Amino acid sequence: MQAKILIARAIFSEVIKRLSDHFELESNQEDVIFTPEELRQRLQGKQGMLCTASAKVNGDLLAHTPELKVVSNMAVGYDNFDLRACTDHKVLACNSPDVLNETTADFAWALLMATARRVTESEHWLRAGHWDRWRYDGFLGADLHGSTLGIIGMGRIGQAIARRSSGFGMQVLYHNRSRLLPEQEAAANHARYVSKAELLGAADHIILVLPYSPNTHHTIGAAELALMKPSAVLINVARGGIVDDIALIAALKSGKIAAAGLDVFENEPKFHPEFLTLPNVVLTPHIASASRNTRLAMANCAADNLIAALCKGRPQNVLNPEVLT
Ligand code: DGY
């Protein structure tokens, strides 16, 4: 008998087709964002779920979904999973890492360049019909070439971001839970490990690419913003909650830092309305991994994990392998 799974959000039709070869499916192609109660209802009688960060998998849900065996995130981040609760309920949790590293690194650079060189701000001004002459001081921004890049969170995406900086002749500083191996530092444009405080004080541009957890909540708050250069540009392609958005708004308004490029927000898709009033921010709707190829690869990776877990044995990307033993 085929296992039953829930596809909790809309995904590519070719991935649904693949999954239908293995499972009996319930698919939310209408892309309704389920309430916790709706998610619980939909999961009755299901052994697996393919989901995104919008599905909160916690002890409360798992206590009411006794047949569930595997939850597979179409995301590298998994802060929507309570891993301990998954393990306690013997539910395998999987994510979809690696396939998005290069695309996300590309986007971090797009956001950095747009923010440092005031691309969206000047475009809005042009579209509004204000451009009547060239000026020596029109939209002066910050140079990337020859500057110091600080990366907080030096996993695979952080290293891919660092590699790209060699073309700009930049010096790279990084801060991370653990130091990279010397050969990894060399490959990451000779990135140098420093304390968080040193990085904040020395970097011209800072990119955040660390996972969200209670330990990384508000990694950047008022105290950290106060350490940055007044000319600093801050980029967040990691997760909302890593930055204290209210403290950031205050820093951007008072000139404590120059500008910010944000792809993620606290409480997204809601975000603090004051961001919309600030000229020195570039705001994007959590699209760092959004190239067609990469989003398809992420969906296929999440599907592979489900197929392996329920039909074959061990999936490639297990977050709580202790469930298997
Ligand atoms: C990820 O993979 O974690 C991206 O942020 C998409 O949610």
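Just so it is clear, none of the values below were taken in a lab; they were calculated from the coordinates. Note that the structure is a prediction, hence the values are computed from the model and not measured. Reconstructed Cβ throughout: ideal geometry from the backbone, glycine too, with neighbour counts over all protein chains shown.
Expressed as a fraction of 2.2 N^0.38 Å, the value expected for a compact globular protein of N residues, the C-alpha radius of gyration of the range 160-239 is 1.09. Kirkwood radius and radius of gyration were both taken over the C-alpha atoms of the range 23-81, and their ratio Rg/Rh is 0.91. For the range 1-43, the set of GluC sites (Glu not before Pro) satisfying both a DSSP loop assignment and a count of at most 16 other C-beta atoms within 10 Å is given as 30. Less than 5 angstrom separates the built amide H of residue 75 from those of 96, all sequence-distant by 5 or more or on a different chain. When you restrict to C-alpha pairs under 8 Å that are six or more residues apart and normalise by the size of the chain, the relative contact order lands at 19 percent. Ranking of 72, 195 by neighbouring Cβ atoms within 10 Å, starting from the fewest: 195, 72.
From the cross-link list 46/90; 17/312; 17/56; 56/312; 69/312; 4/56, which pairs have alpha carbons spaced over 22 Å apart? With Cα atoms farther than 22 Å apart: 17/56; 56/312.
Highest-first packing order for the peptide set 180-190, 97-107 is 97-107, 180-190, based on the mean count of other beta carbon atoms within 10 Å. Working ranking of peptides 267-277, 163-173 by packing, defined as the average number of other Cβ atoms within 10 Å per residue, highest first, is 163-173, 267-277. Mean silhouette area of the chain, derived from the convex hull of its C-alpha atoms and averaged over all directions, reads 18.5 nm².
Dimensions of the range 265-320 from C-alpha coordinates, computed as largest minus smallest value along each principal axis and given longest first, are 52, 25, 13 Å. Residue exposure proxy: 125, 134, 109, ordered by other Cβ atoms within 10 angstrom of their Cβ from fewest to most, comes out as 134, 125, 109. Sorting 144-157, 199-212 by average packing, meaning the other beta carbons within 10 Å per residue, from highest down gives 199-212, 144-157. Between the amide H of residue 235 and those of 206, 207, 208, 261, distances stay under 5 Å, these residues lying 5 or more places away or on another chain, with hydrogens modeled in the peptide plane.
At q = 0.12, 0.18, 0.22 Å⁻¹ the log10 of I(q)/I(0) for the range 138-278 amounts to -0.45, -1.01, -1.43, computed by Debye summation with a single uniform scatterer per C-alpha, solvent ignored.
Per residue, the convex hull spanned by the Cα atoms of the range 46-143 measures out at 150 cubic angstrom.
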